[in-house]
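Computed from the coordinates by the stated procedures, all read-outs in this text should not be read as laboratory data. Everything quoted here is computed from the prediction, not taken from an experiment. Glycine gets a Cβ as well: all are built from the backbone with ideal geometry, and neighbour counts include every protein chain shown.
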Amino acid sequence: MSVVTRFAPSPTGYLHVGGARTALYSWLFAKSQGGKFVLRIEDTDLERSTDQAKQAILDGMSWLGLEHDEGPFYQTERFDKYNQYIDQLLEKGLAYRCYMKSEELDAIREEQERKGEKPRYPGTWRERTDYPEDAPYAIRFKNPLSGKVVFKDHVRGEISISNEELDDLVIRRSDGAPTYNFCVVIDDWEMGITHVVRGEDHINNTPRQINILKALDAPIPEYAHVSMILGDDGKKLSKRHGAVSVMQYRDDGYLPQAVLNYLVRLGWSHGDQEVFIVDEMIELFSLDNISKSASAFNTEKLVWLNQHYIKSLPAKEVAEHAKWHFDDQGIDVSNGPALEDVIAVQSERVETLKELAQISRYFYEDYDEFDANAAKKHLRPVAKANLIAVKDALLGLSDWSSRSIQEAINSTAESLGVGMGKVGMPLRVAVTGSGNSPSLDVTLVLLTKAQVEQRINKAIEFIENRENS
Ligand code: GLU
């Protein structure tokens, strides 16, 4: 059997962490089995679905790299199909018209609740044919009256529900629109879905969907219902917990690889391993290792993973994602060192790509002002001679390499008879504007000799102004 899975979000908001994790598990399972992954947008709720949310889902999936093999399909484009199947069920006597008005149904429900019973449609129109003329009607599915629905959930084990617990579901509303559960069933069937991976909030729909599939003589897929994600505080994850939209993580400077690694561990494990690159996730993933209990979000761990991947992924790959942040912060990287070279020297110093861009501006543009503390400490009158000497040594280099730059700094300190720091720190502040940077040889080599000269001159000028004030 060739595996086909799907992710079927309702476009009523952005792609949030819970949805992204479900999508990831579904995608991983398809990939791990050499199968296909389908993206289906469940936009039947016309009031709550927006184009913006559809786009946000597509953007989130694409940023995470969860590419679909088929789709995206939109349910609103498939209403005719759903209605054809509803008509078939009607013809076969497996569905029926229900003329019950909503006030009537509400009264029945109230009465049931008053008696402490579970509210359910009592099957009033199941066998009736005395249809009133010109009155609106819904179509209900004839759920079996006895027996039970049993299915094996990959996460929760065997689940068994008695048909007596299930009432006859509306599958087409009186306005002609097919309902959500029915559309899911038809789509899962027509799209050849073999494994449904979805949130546990859908577990109550599953027996109903299985009954409809059976009525249609359609194969029953396997199911895996994934548990909830809780916030650091143990409460259901919500906007209160900050960055819950996947794209917010991009904006905050996370690598998709870090987010994927974080999400895969949020409810799935392989021994006590924490770090998984995508290929490894694909190799090791299985539905049966998904945890049954709710998982708690842990921002610290996500930060740790992000830092890990910034340091360990090839700089070229990090650069592809970092570029967005340089653009976002208005840093034009087209004029200056290759971004991956900057990343190679800065990657140990940051937790996020946002920070990476923030601390790398001086590679692409002159800073406006020296960091006040660094200047106070290192651009003092005594440093002027050292700066002049090191500038001369650097300008005299015929070969602008990190090795010769280091030698020029060393020999300047030696000939001045001062410690390395007395030359290095003023030079660092002169060139980068602050007292923090990677080592000087690898920093300076990414700038041009002319830039270095001009910045040292600026520092000398600063010292002179200081002397005169
Ligand atoms: N559209 C549903 C949701 O966004 C998912 C339905 C399903 O996976 O079957 O919650």
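Sorting 207-218, 13-24, 458-469 by average packing, meaning the other beta carbons within 10 Å per residue, from highest down gives 13-24, 207-218, 458-469. Loop-located GluC sites (Glu not before Pro) in the range 68-153 (DSSP state not H, G, I, E or B) with no more than 15 neighbouring Cβ atoms inside 10 Å: E117, E127, E133.
Counting only C-alpha contacts under 8 Å and six or more residues apart, can you give the relative contact order of the range 22-181 as a whole percent?
19
Mean 1/r over all different Cα pairs, inverted: what Kirkwood radius does the chain give, in Å?
For the chain, inverting the mean 1/r across all distinct Cα pairs yields 26.8 Å.
To the nearest 10 degrees, how steeply does helix 299-312 sit against the main Cα axis of the chain, on a 0 to 90 scale? Once rounded, one gets 60 degrees.
Here the range 418-469 is assigned +1 on the Cβ of each Lys and Arg and -1 on the Cβ of each Asp and Glu. Its dipole about the Cα centre then comes out at about 100 debye.
Ranked by the mean number of other Cβ atoms within 10 Å of their residues, highest first, the peptides 196-203, 401-408 fall in the order 196-203, 401-408. Each residue of the range 399-411 is assigned a 3J(HN,Hα), and the resulting list reads 10, 8, 10, 4, 5, 5, 4, 4, 5, 5, 5, 4, 5 Hz, derived from the Karplus form 6.51 cos²θ - 1.76 cosθ + 1.60 (θ = phi - 60°), x at Gly and Pro.
Once the mean 1/r over all distinct Cα pairs of the range 170-263 is inverted, what Kirkwood radius in angstroms do you read off?
Across the range 170-263, the inverse of the average 1/r is 16.2 Å.
Counting only the backbone N, which residues of the range 33-54 are under 20 Å from the spot 7 Å out from the Cα of S62 toward its beta-carbon? The answer is 37-43, 50-54. Calculated mean residue ellipticity at 222 nm for the chain: -14000 deg cm²/dmol, from DSSP H runs with n ≥ 4 weighted as -39500 (n - 2.57), summed, divided by the residue count and rounded to 500. Counting other C-beta atoms within 10 Å, and keeping those with at most 11, which DSSP coil GluC sites (Glu not before Pro) do you find in the range 260-369? Of the GluC sites (Glu not before Pro), the ones in loops of the range 260-369 whose Cβ has at most 11 other Cβ atoms within 10 Å are E369. To the nearest ten degrees, helix 79-91 and the longest principal axis of the Cα atoms of the chain are 20 degrees apart.
Go ahead and run the numbers for FRET between T448 and D251, Cβ-Cβ distance against an R0 of 25 Å, rounding to 0.05. The formula returns an efficiency of 0.20 here.
Any idea what the relative contact order of the range 415-469 is, in percent, if you count C-alpha pairs under 8 Å spaced at least 6 apart? Mind showing how you got there, number by number?
Details: 20 pairs, mean separation 16.9, N = 55.
Relative contact order of the range 415-469: 31 percent.
Sparse packing (at most 15 other Cβ atoms within 10 Å of the Cβ) combined with a DSSP loop state is found for the following chymotrypsin sites (Phe, Trp or Tyr not before Pro) in the range 361-430: Y367, W400.
Built from the Cα atoms of the range 256-398, the convex hull projects on average onto 12.9 nm², one quarter of its surface area. From the cross-link list K384/K458; K323/K449; K354/K376; K31/K323; K316/K354; K354/K449, which pairs have alpha carbons spaced over 20 Å apart? Checking Cα-Cα distances, K323/K449; K354/K376; K31/K323; K354/K449 exceed 20 Å.
Take every Cα pair under 8 Å whose residues are at least 6 apart in sequence, average their separation, divide by the length of the chain, and the relative contact order is 12 percent.
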